[in-house]
1. In square angstrom, what is the accessible area per residue of the chain with a 1.4 angstrom probe?
2. What trypsin sites (Lys or Arg not before Pro) in segment 1-108 are in a loop by DSSP, with at most 13 other Cβ atoms within 10 Å of the Cβ?
3. Quick one: grab the alpha carbon gyration tensor of segment 154-276, order the square roots of its eigenvalues as a ≥ b ≥ c, and give me rounded if a/c is under 1.5, else prolate or oblate depending on whether a/b is larger than b/c.
4. Contour minus end-to-end for E148 and R290, with contour as 0.36 nm per residue of separation and end-to-end as the Cα-Cα distance?
5. How long are the three semi-axes of the equivalent ellipsoid for the chain, computed from the Cα gyration tensor as the root of 5 times each eigenvalue, in whole Å, largest first?
6. Work through the residues other than G241 whose Cβ is under 10 Å from its Cβ and net out their charges, Lys, Arg +1 and Asp, Glu -1.
7. Suppose the chain between E347 and A69 were pulled fully straight at 0.36 nm per residue; how much longer would it get relative to their current alpha carbon spacing?
8. Hey, any idea what % of segment 141-238's accessible area is carbon plus sulfur with a 1.4 Å probe?
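The values are calculated or read from the model by the stated rules, or taken from the named source; none is laboratory data. Values in this document were obtained by computation on a predicted structure and should not be read as measured data. All Cβ positions, glycine included, derive from the backbone under ideal geometry; neighbour counts span all protein chains shown. With ligands, DNA and RNA removed, areas are computed over all heavy atoms of the protein, side chains included. Shrake-Rupley method; radii C 1.70, N 1.55, O 1.52, S 1.80 Å.
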Amino acid sequence: MILVTGGAGFIGSNFVLDWFTHSDEPVINLDTLTYAGNMENLASLRGDDRHIFVKGDIGELSLVENLLARYTPRAIINFAAESHVDRSIHGPEAFIQTNIVGTFHLLEAARAYWDGLDPGKKQAFRFLHVSTDEVYGSLTSSDPAFTETSRYQPNSPYSASKAASDHLVRAYHHTYHFPVLTTNCSNNYGPYHFPEKLIPLMIVNALAGKALPVYGDGRQIRDWLYVRDHCSAIRRVLEAGKVGETYNVGGWNEKANIDIVNTICALLDELRPRTDGKSYREQIKYVQDRPGHDRRYAIDARKLERELGWKPAETFETGIRKTVQWYLDNQAWVDHVQSGVYREWMEKNYAGRTQ
Ligand code: NAD
Ligand code: DAU
């Protein structure tokens, strides 16, 4: 059995669904169900005994201790986090609590549990921490891509909180020999992506006839990875990663934001044309930039390929087409996540941005 935290969020739920297409090994899914956690992502697992969902906080030490004692997992995969940069700018507190203090408590509970295991199980146990490329800061257009030895230079409260958690994970290995693995991944996209992030926001706003808000000049670059490729990378690192090592995960897909938005518009023009015959591009609006906006991220994922033989299966063209089609086919999911809380966030983040 494995313990997954944050398994009702975007990547965590894709990971749990993907896990069961490869294995029958049960998963305990610990998620506190913030605005970003959604049990509808896991609807296909209702009644499936392999999936044990527990609503709770990674920072609640006694809860995690009890879960570990009761289910004796062979591994923990830590996805749980506050994940949205813009929210961290409006309110960093939750990021400090979950990403730093929460990870610390999870590590404490896990270390005590691991310490008490018999030698064979102790040897096999792994704590895999899911992190981000944002901890490495921002690149210029001519800089080489981030490697595992790039310096940590986080620029937002979100990335600073993830960097702090990565440091704790590293220190637990160095000090206690706790068997950790860390993955630093680039921007994911795909099904169940909450429509506060660029790609799903552009799809749902386009279909709703709303503005497509591009920050600043739209020339910021991100390196996109289809979420199921991230899942396969995590499975591979869990299976064969070297304890104490970090692995960069990326899709070799550097794209400027405006090019992403234009691609989405072109796909929607093809798959669900506007009734007035115009292009969805008409809805693009340049708006005030994100404070401290990182210019470029790029991941060098050669270590993972060289040492563990992992490569992404999707190209950006295949992945983005699947993603747009998924949102067209799952309008009910979109309607449900756009609750009152979602509307409050849209007002808070976009109403004050000048064009
Ligand atoms: P998400 O915001 O969609 O999901 C986070 C999940 O964690 C939610 O289900 C939420 O309810 C849960 N959660 C939050 N606080 C919790 C707590 N204290 N205890 C238990 N559960 C809690 O995030 P995501 O995009 O799926 O990202 C998952 C992980 O991957 C994060 O650690 C993030 O930093 C990392 N990551 C994300 C990306 C990306 O592009 N989305 C890229 C690289 C790394
Ligand atoms: O790089 C990995 C990171 O990718 C993860 O660690 C984060 O959890 C994840 O949210 C993501 O962070 P970004 O800030 O890169 O993702 P986001 O989708 O918020 O924004 C992508 C780019 O699009 C970024 O340059 C900001 C821009 N953007 C975003 C929004 C929401 C816009 O231009 N308009 C928007 O409305």
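1. On the way: 15070 Å² over 355 residues.
With all protein chains present, the chain gives 42 Å² per residue.
2. Values: sites: R46, R50, K55, R70, R74, R87; in loops: R46, R50, R74.
The qualifying sites are R46.
3. Numbers: a/c = 3.10, a/b = 2.20, b/c = 1.41.
Here segment 154-276 falls in the prolate category.
4. Values: separation 142, 0.36 × 142 = 51.12 nm, distance 2.67 nm.
Working it through step by step, the gained length comes to 48.4 nm.
5. Numbers: eigenvalues 224, 97, 75 Å².
Values for the chain, descending: 33, 22, 19 Å.
6. Working: positive: R126, R236, K242; negative: E239, E245, E307.
So the environment of G241 carries a net charge of 0.
7. Here the answer is 95.7 nm.
8. Working: 1720 of 3400 Å².
Carbon with sulfur: 51 percent of the solvent-accessible area.
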